[in-house]
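Engineer: My questions all concern the structure below.
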Amino acid sequence: GAGANRPTCVDTVAGLYKVVVNNATGCPTASTTINAKVGINNNSALKNIEVYPNPTKDNITITGVLDKSQDITVHVFDVNGKLIYSADINNANTNFTRSISLQGYASGVYMVQVITNEGSVQRRIIKE
């Protein structure tokens, strides 16, 4: 509203932050503490996801080692951000593999996104 000074805050340091809402006269009317997490998801399960070969001519393989079986979603985006491939892998094993054909797509840079229960990772690939 008109009395709001800073409805959003962009911080670069993780930690506890107290959020206080003041009324029009400056008196606090509500407050809460939030735990702000910033940066890249460093979940160890997500670090084990690989995409190869890179560069590739037609096919890529995605492999990963997960802490437990879970549902996974795989997306491939072209350089313009257009989704060109999407697959849901239900109850993927702890050691999973998925092969994807890029045959028929133009040479260039593509982004592979793997989404798990722990978060997501992106890998850049080049199609020759």
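Engineer: What order do LYS68, LYS82 take when sorted by accessible area (1.4 Å probe), most exposed first?
Structural biologist: Working: LYS68 110, LYS82 130 Å².
Per-residue accessible area, sorted high to low, gives LYS82, LYS68.
Engineer: Same structure again: In nm, to one decimal, how far is the modelled label at GLN113 from the one at SER99, with both set 7 Å along Cα→Cβ?
Structural biologist: My value for the distance between the label points is 2.6 nm.
Engineer: I need the phi-derived Karplus couplings for region 92-98: 6.51 cos²θ - 1.76 cosθ + 1.60, θ = phi - 60°, integer Hz, Gly and Pro marked x.
Structural biologist: Taking θ as phi minus 60°, the curve returns 4, 5, 5, 10, 10, 9, 9 Hz for region 92-98.
Engineer: Identify the residues of region 80-113 with backbone N under 12 Å of a label point that sits 7 angstrom from the Cα of ARG124 along the Cα-to-Cβ direction, or state none.
Structural biologist: Within reach of a label on ARG124: 109-112.
Engineer: Right, here's the next one. Given the protein chains as shown and a 1.4 Å probe, how many square angstrom of ILE100 are accessible, to the nearest 10?
Structural biologist: Here the accessible area works out near 10 Å².
Engineer: In addition: Determine ³J(HN,Hα), in whole Hz, for all residues of region 50-62 in sequence, where each value follows from phi through the Karplus function 6.51 cos²θ - 1.76 cosθ + 1.60 and θ = phi - 60°; x replaces Gly and Pro.
Structural biologist: For region 50-62, the Karplus-derived couplings read 10, 10, 8, x, 9, x, 10, 9, 9, 10, 10, 10, 10 Hz, x marking Gly and Pro.
Engineer: Through the Karplus equation 6.51 cos²θ - 1.76 cosθ + 1.60, θ set to phi - 60°, convert the phi angles of region 114-128 into ³J(HN,Hα) values in whole Hz; use x for Gly and Pro.
Structural biologist: Rounded to whole hertz, the list is 10, 10, 10, 5, 8, x, 9, 9, 10, 10, 8, 10, 10, 9, 7.
Engineer: State the dimensionless ratio Rg/Rh of region 46-128 (Rg: radius of gyration of Cα atoms; Rh: Kirkwood radius).
Structural biologist: We get a ratio of 0.95 for region 46-128.
The values are calculated or read from the model by the stated rules, or taken from the named source; none is laboratory data. Because the structure is predicted, anything quoted here is derived from the model rather than measured. FYI the Cβ positions are ideal-geometry reconstructions off the backbone, even for glycines, and counts take in every protein chain you see. Note: accessible area is taken over every heavy atom of the protein model, side chains too, but ligands, DNA and RNA are not part of it. Shrake-Rupley method; radii C 1.70, N 1.55, O 1.52, S 1.80 Å.
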